[in-house]
Amino acid sequence: AFKKNLANRRRADGGETILEQSATADSQGNGRIERRIGIIEGIIRTIKVSIERRYGIQLPVEHDIMAWIVKYAGDLLTHFKEGIDGQTAFHRLKGIPSKMKAVPFGETVLFQPLKTERMRSLDKTSDRFFDGIWLGVNNSNGATFVGTKDGVYESRSIRRKSDDLKHDVEVLDSM
């Protein structure tokens, strides 16, 4: 119904839509897409298992960090997977190679939020760095996403913690 409705709307606008359907469960008919989905699923599984091992926990699929894992898996492909032309998708899109710097996904870090009301309300002697979980990079401005109990913040100032403090389960669970 959706496809026919779309085709009718395109026809009314003077365009043409040719409806195509691949056979049910025909993964060969959708080869490239199926391979990409398989790659993304593998990256998601790898990141999830890595977090579980580093933190010594079972990460439920409903945890808020799972949505960020999916985003980060896509970012990894965009920034680092080279095509047959030897360039990444980021390089083809922006015309320059990616300079993405990354902390291991899900690591507990100290971060300073971008200038927000939270930062403006602090007096001069207050701590400017807070605990959070590293969630990736904002592709539009290069800032880092950090998850906290109060939500997700953007930051340009990240400090990694010592090995014994990198995987704070309380900070992860409070996210």
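The values are calculated or read from the model by the stated rules, or taken from the named source; none is laboratory data. Quick caveat: nothing in here was measured; it's all calculated off a predicted structure. Note: ideal-geometry Cβ built from the backbone for every residue, glycine included; neighbour counts use all protein chains shown. Heads up: the accessible areas ignore ligands, DNA and RNA and are worked out on the full protein's heavy atoms, side chains in. Shrake-Rupley method; radii C 1.70, N 1.55, O 1.52, S 1.80 Å.
Calculated [222 nm] ellipticity per residue, helices only, for the chain: -12000 deg cm²/dmol; basis is -39500 (n - 2.57) per DSSP H run with n ≥ 4, divided by all residues, nearest 500. Separation of the alpha carbons by more than 32 angstrom is noted, of LYS4/LYS81; LYS99/LYS161; LYS71/LYS161; LYS115/LYS166; LYS4/LYS48, for LYS4/LYS81; LYS4/LYS48. Ordered from longest to shortest, the equivalent ellipsoid semi-axes for the chain are 38, 21, 18 Å, each the square root of 5 times a Cα gyration tensor eigenvalue. Nearest 10 degrees, 0 to 90: what angle lies between the long axis of helix 2-12 and the longest principal axis of the chain (Cα atoms)? Tilt of helix 2-12: around 70 degrees.
Using a Förster distance of 41 angstrom, determine the FRET efficiency expected from the C-beta separation of ASN138 and ARG11, and round it to 0.05. For R0 = 41 Å, the calculated efficiency reads 0.55.
In the context of the full set of protein chains, the range 126-175 has a per residue accessible area of 53 Å² (1.4 Å probe).
Each semi-axis of the equivalent ellipsoid for the range 35-75 is √(5λ) with λ an eigenvalue of the Cα gyration tensor; in descending order they amount to 18, 11, 8 Å. Residues whose amide H lies under 5 Å from that of SER157, counting only those 5 or more places away or on a different chain, are GLN112; hydrogens are built 1.01 Å from N in the peptide plane. With all protein chains in place and a 1.4 Å probe, the accessible surface of the chain carries 52 percent carbon and sulfur. The angle separating the long axis of helix 31-55 from the principal Cα axis of greatest extent in the chain is about 20 degrees.
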